[in-house]
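Note sheet for the following structure.
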Amino acid sequence: MGRPGLSVDDLQLRLTQDEDWLRDFQEALNRSATLTTSVSSILDDFRRESRAFQREQQNVKKLLRMKCATHLDEYLEKMNNLKEAISFFSSHATYKSQLNHMKQIFETGCGYLEIEFGNQVKSKSISLYPAKILECLDEEFEMPSFRLPNLATIKDTENINKMATWLLANSSSCTQFLGYYSACRSDNMLKTLNAINEHRASRTSKSHFVKFALKKAAGKISEKPSIFNITSEIMDLKRNTNEVIHKDTPITPVLFTLSVLLTLVQLETEACAAVFGNVKVEASILRQVMVHPLSTVLNHNLKLVEAFEGDFETVMPLTKFLMKHTNQIRSLCENIGEGETFARFKATVNHRSVQLISEFVDHLTNDNSRFVPEDGNVHHVTSKTINFLKLLAQNRPVVGYIYEQDAVCSNTFGMGVNLRNKSGTYSDQALGALFMYNNLSYISMCCVRDKSLMSTLNANNDGQLLSFYESEIEEYLKRYLISWTKVTAVFLAYSHSDERKAAKFVYSNFNKEFEKRIKELVLKPYAEFTSRESSQMAELELDRQLKYDADAGYEMFALGRGMYKELIRKEEFFVVLIGLDNAGKTTFVEQFKANFDKTYTKRHPSKISSTVGLNLVKVDCGRALINLWDLGGEEGLRSLWKTYLEECHAIIYLIDASNLQRLEEALDSLDLLTGVEHAVNVPLLVLLNKCDQQETALSDESTSNGCNGLSQERLCYERIRAEITEKFNQIHEGDLAIMSTSALENLNVQKSANWILDAMMTRSMQNGT
């Protein structure tokens, strides 16, 4: 029998279940289609974002791959655009994600620019060969200024300057490129300096190098007579009168390395200025560049000089070179912390030179050799001595210099040691300190009184001898005064004011009694003399009388004491010296001080840098003391002027007359005076500096015939004077004078000093101060 069929109800149930399943399946298909559409949309958006990001990456890579040598301007323009975009996104919070992305791109671009800067500096740097530099030096190993353009150590700085300028102006966080530059340039200098030692060590080039250098030191060759103006007759004369037998010693390379070092320093200064064009950055970079080369040369040369065994003839050129360039080399060494090393090097050269001369004299005096020429001719000792004397005569300033330096150094040092040893013999430390105080005070007083002695001592102590003695005197005075603490402790122990008044009364009575005793010692004998002489003249009926009696003597004593105090007192004035940067203010101060203090040694103009902040100089002008406040003139420092203008007795305003483009800026800066009530009434001296330069038309001689013949860019003196007078009359009410000066040539510096002194002293008398 067959399987029974499904009932209608079962079949209906089954159909219902199938319908439900189909409906659920259809809904699942619909959801799947919706999900597929959403995923497709997301994928499309992702692909679009990816393509945009890839394009952006390609643009960045293209930007970073761009060669600065050919596309630098375009590169920097794109970097500027990035910076502007960052600035825009920073002001809109909705673009925070884009802002971070842009910053990352900008930092990457700056990093690449720094690397490219380093690569460019390295590829553009040129190492000079020692032989090429040697050919340019003159007979005294000096580098003529007209030779420097032929010795460039870096080429084509245009792009390097653009990169450096952009990095300094647009990225404060990027400083690595400065390290790239200093390291590369320092290595470049070392290559040239090390090549000198390689030349000397090389057996193939050693002979040629040393002979060439020695001949140049002796003045026996000149490859370009037309430049050095040396004729064959002069060369023959040099051979006959300065025939020196040179030996292959370490001294010649020492002299050559120092000369090359100074040449490289000058070249590097010019290169640094061409690359950065920023004075503050240049100073910092130059200090880093010089550290390794200068330290290496100093320490290496010091060892060579200490180990030198030879004669004075060989070491003399080095001594002469050092005498001429001491200030320059010392300044460089002090900037890198090697001042002590240079002082030791210089002292070693001077001491060794004196020692070699002494050895020659001792050998000459104690020569026990019995050899004499058989034919009775001139003894070799005689000829050698005559040649040595000729050498000393030809270099008299050098010989005097080294003997003076060595003797002063030895004697002052020995005297100090001797005094300290003697002070140690006192059992009482206070007496030992008093002994040192009195002796050092006496030495200081003698130095002040004897200008020649002060000048000699200062030459060996960098002008700091007097300040050294003053500090030592102050220190020993403090030690001595410690012994008085027991006495002062007694007064400090007084708890009541009556006890302190009693102590003060005791001291006051002591002073009165002391003055009374002095009067008795001085005036009592005079009173007896006047009484005796007056009675004798009365008895003889003489018509003559003593001009001053005893009472007048007492009055004269008091009057004389007061007059003495008044006579020795000098008025003290404070003068503010202001003006734009590079106007020549510090040079004016140097010349101003040198005019009144003949023992003062002016700094060379090349050693004078821009004043940062304040440079205070005190000058004794004879009839008064002037404190010159030399204030920095850079734009960021001019805000400091107001503080000092409120306390001054006079104002000196210095204008660079050779730079007429900054004349308007100089006049506008004077508006600072209007905000200081005190400044508008004090004497004001306007100095038109640098009138000696050919570029300016401010000399008085050029104005006698008006402005005829002058270009539009060069204003005549009277026109500028009129503009300045009009400007100052608007803001100033006190005494006013306008002068043309040249601080460098000492033109009208003394005249300006006399005017400012007269104006201040006249105003002081009028005010009763």
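Observations on the structure shown:
- Residue count, segment 273-292 (criterion: touching a Cys at 6+ places or on another chain (Cβ under 6 Å) and either surrounded by fewer than 17 Cβ atoms within 10 Å (Cβ to Cβ) or of a type in the set (Asp, Glu) (or both)): 1
- Lone qualifier among Leu6, Leu64, Leu35 - being surrounded by 10 or more Cβ atoms within 10 Å (Cβ to Cβ), assigned to a helix (DSSP H, G or I) and at pLDDT 65 or above: Leu35
- The set of residues in segment 657-680 being under 29 Å from Thr762 (Cα atoms) and of a type in the set (D, E, K, R) consists of Asp671, Glu677.
- Filtering segment 624-646 to residues that are within 18 Å of Ser764 (Cβ to Cβ) and polar (S, T, N, Q) leaves only Asn627.
- Some residue of segment 340-349 being more than 25 Å from the chain's Cα centre (by Cα) and surrounded by 21 or more Cβ atoms within 10 Å (Cβ to Cβ): yes
- Residue among Phe89, Phe106 that alone is touching a Leu at 6+ places or on another chain (Cβ under 9 Å), modelled with pLDDT under 80 and not assigned by TED's automatic domain parsing to the domain that holds Cys174: Phe89
- The residues listed here are Leu318, Leu286; of these, the one that is assigned to a helix (DSSP H, G or I) and assigned by TED's automatic domain parsing to the domain that holds Leu261 is Leu286.
- Residue within segment 293-306 that is assigned to a helix (DSSP H, G or I), surrounded by fewer than 19 Cβ atoms within 10 Å (Cβ to Cβ) and under 19 Å from the mean Cα position of the chain (by Cα) present: yes
- Checking each residue in segment 163-177 for being buried (at least 17 other Cβ atoms within 10 Å of the Cβ) and closer than 14 Å to Gln120 by Cβ picks out Met163, Ala164, Trp166, Leu167, Phe177.
- Glu268 being touching a Phe, Trp or Tyr at 6+ places or on another chain (Cβ under 9 Å) and assigned to a helix (DSSP H, G or I): no
- Subset tally (residues that are in a loop (DSSP other than H, G, I, E, B) and surrounded by fewer than 19 Cβ atoms within 10 Å (Cβ to Cβ)) for segment 86-142: 9
- Single condition Glu726 does not satisfy, out of (1) charged (D, E, K, R); (2) closer than 30 Å to Leu645 by Cβ; (3) at pLDDT below 75: (3)
- Members of segment 623-642 found to be part of a strand (DSSP E or B) and out of contact with any helix residue (DSSP H, G or I) (no Cβ under 7 Å at 6 or more places or on another chain), listed by number: Leu625, Ile626, Asn627
- Of Ile329, Ile336, all but one fail to be of a type outside the set (Phe, Trp, Tyr), at pLDDT 85 or above and in contact with a Leu (Cβ under 8 Å, 6 or more places away or on another chain); the exception is Ile329.
The values are calculated or read from the model by the stated rules, or taken from the named source; none is laboratory data. Keep in mind the model is a prediction, meaning the values are calculated, not measured. Note that we place each Cβ from the backbone using ideal geometry, even for glycine, and neighbour counts take in every protein chain shown.
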